[in-house]
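Report on one structure; see the data block that follows.
The values are calculated or read from the model by the stated rules, or taken from the named source; none is laboratory data. Model, not experiment: these values are computed from the prediction. Methodologically, a virtual Cβ is constructed for each residue, glycine included, from the backbone with ideal geometry; neighbour enumeration extends over all protein chains shown.
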Amino acid sequence: MHAVQMSVRSVLWAVVLTALVVGNARAADRFVSTAGSDAGNDCLSSVSPCRTIGYGITQAVSGDTVKVAGGNYLENLSITTATTLILSGGWAGDFSVQDPTATPTVLTAATQLPGVTILANGITIGLTADGLTIQDGKNLPDGVGPPCRQGFGGGICAQVSAGGSLSLALSRVVLQRNLANRLGGGLHVLGLDLGSSLNLTVTNSTVTRNVAPQGAGIHIDADDKATVNATLDQVLFMRNRGAGSQRRATYGGGLSVGIAPTGQNVQVLVQNSIFDGNKANRGAGGGLFAWNTGCTMGSCPLNVMNSVFIHNHASVGGGIGVFNSSSGGGGAEIVNVTATMNTANFRKGDGGGGVFIFTGSIRNSILWGNHGIRPRDLRTFSDVMLDHSDVGEMRGPIADLGGNISSDPLFALRDIHLSASSPAIDTGTCDGAPTTDIDGDPRPTGAGCDMGADEFVP
Ligand SMILES: [Ca+2]
């Protein structure tokens, strides 16, 4: 080897090593434990961790991971400066292993403010939270002045504005018993102003027993300028409850998306998720409520795939309700969804216990065995494309794309899974169908793709 080559290699190695060293220096782990202490602590040692998550966040620099041992933390967190952080909970006391189930990290709001406040006003914030329970957060109008818009977001309020960028990724997170008096009991995300963008992912998480008049579990929204993209994957929405003052109508017990005339740049994908026992009393969309200008198949701002709606309740649209104030109406694309045992009880009009929708499409889905005011399973208003689906009682115009049936899907007892003799087995279309079902089983299994969220596996 020539000396020149040697020196070039040495220089290259030096550059690589420098990059590694600098990289390490700029991406440290910070440690927090209920056994720790904040006093004069930079949180860099796992054997002498800090005491509070909030202090750990103030010590962290962009790129750091704040590792939090299991235990109860009575705090409200706030992130309002430009940074990229990972908040990682559920660690053992010695930080050797992470197991949020065995050693949960529970953040309980200390004051009547959101558990976590994230404001990206003209700046870039990236927050990944993994293995964290957030509970008892509140955003109320007569609170002590939350920096988020008042009433938006009880557990987490996350807003981007003035051309900022916000990326919020939640995995293995539990949002429970949070309260907002306007929108988003568990979580509220909002994009405002031209050039602002917000990306939200919620994965493998549980949203339960949260309360708000709209979007009791989660509310996702934008004005007519900002863009918001959200993916909710393997999220359990359970027993969230629309509730407000003076017995007014409530919307979106589990999830709500957009409000006219805002919310037009909100793209939401919901997949592999379960909406069970959510309520929007005196209103619409017990499981899921959306408000948009309507859409046709393939261009809908809301896609709901491989998901189950069961035991949800509203006046109209017990499982799913999609609306717009003007004619033309709101739309969604519904693929391999099972909606059963939901209830709508609006005595002055149509029920739509399963699905109440104006435009969009329903493909490979089972809407059957819902309760309340007729039509119990599906109410449409214009040109909803119906494709290879099993619908019980329905009313309203549809565009029949073929392959539709109206037969008892023969669910397994008190379940959404298909029994061996179900007419929904192999009678769906594989065109546009997810390649796995809600359990992760391959679709198709057998001779063809099944209707509904479950692919029958013998
Ligand atoms: Ca099959």
Selected residue [among the aromatic types (Phe, Trp, Tyr), under 18 Å from residue 208 (Cα atoms) and out of contact with any Ser or Thr (no Cβ under 6 Å at 6 or more places or on another chain)] from 289, 275, 323: 275
Name every residue in region 292-310 that is free of Cβ contacts under 8 Å to residues at least 40 places away in the same chain and part of a strand (DSSP E or B), in order of residue number. 303, 304
Any chance residue 420 is at pLDDT 95 or above and either closer than 17 Å to residue 336 by Cα or touching a Phe, Trp or Tyr at 6+ places or on another chain (Cβ under 6 Å) (or both): no
Residue that is away from the ligand (no atom under 15 Å from the Cβ), surrounded by fewer than 19 Cβ atoms within 10 Å (Cβ to Cβ) and free of Cβ contacts under 8 Å to residues at least 60 places away in the same chain, where the choices are 376, 395: 395
If we only count strands (runs of 3 or more DSSP E) wholly inside region 154-247, which ones have 2 or more residues that are under 11 Å from the mean Cα position of the chain (by Cα) and modelled with pLDDT of 95 or more? 165-176, 187-191, 197-208, 218-222, 227-238
Log entry, pairs with first residue in region 183-202 being surrounded by 24 or more Cβ atoms within 10 Å (Cβ to Cβ), second being of a type in the set (D, E, K, R), beta carbons closer than 6 Å, six or more apart or on different chains, reads 190/221
Within region 444-458, tally of residues that are of a type in the set (D, E, K, R) and near the ligand (Cβ under 6 Å from one of its atoms): 2
Within region 354-373, count every residue that is in a strand (DSSP E or B) and either basic (Lys, Arg) or surrounded by fewer than 24 Cβ atoms within 10 Å (Cβ to Cβ) (or both). 3
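Per-residue answers, yes or no, for (1) within 16 Å of the ligand (Cβ to nearest atom); (2) in a strand (DSSP E or B); (3) modelled with pLDDT under 95:
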position: 386; (1), (2), (3): no, yes, no
position: 400; (1), (2), (3): no, yes, no
position: 409; (1), (2), (3): yes, no, no
position: 415; (1), (2), (3): no, no, yes
position: 426; (1), (2), (3): yes, no, no
position: 430; (1), (2), (3): yes, no, no
With the requirement that a residue be crowded, with 16+ Cβ neighbours inside 10 Å and either within 10 Å of the ligand (Cβ to nearest atom) or within 21 Å of residue 402 (Cα to Cα) (or both), what does region 432-443 give you? 432, 433, 434, 437, 443
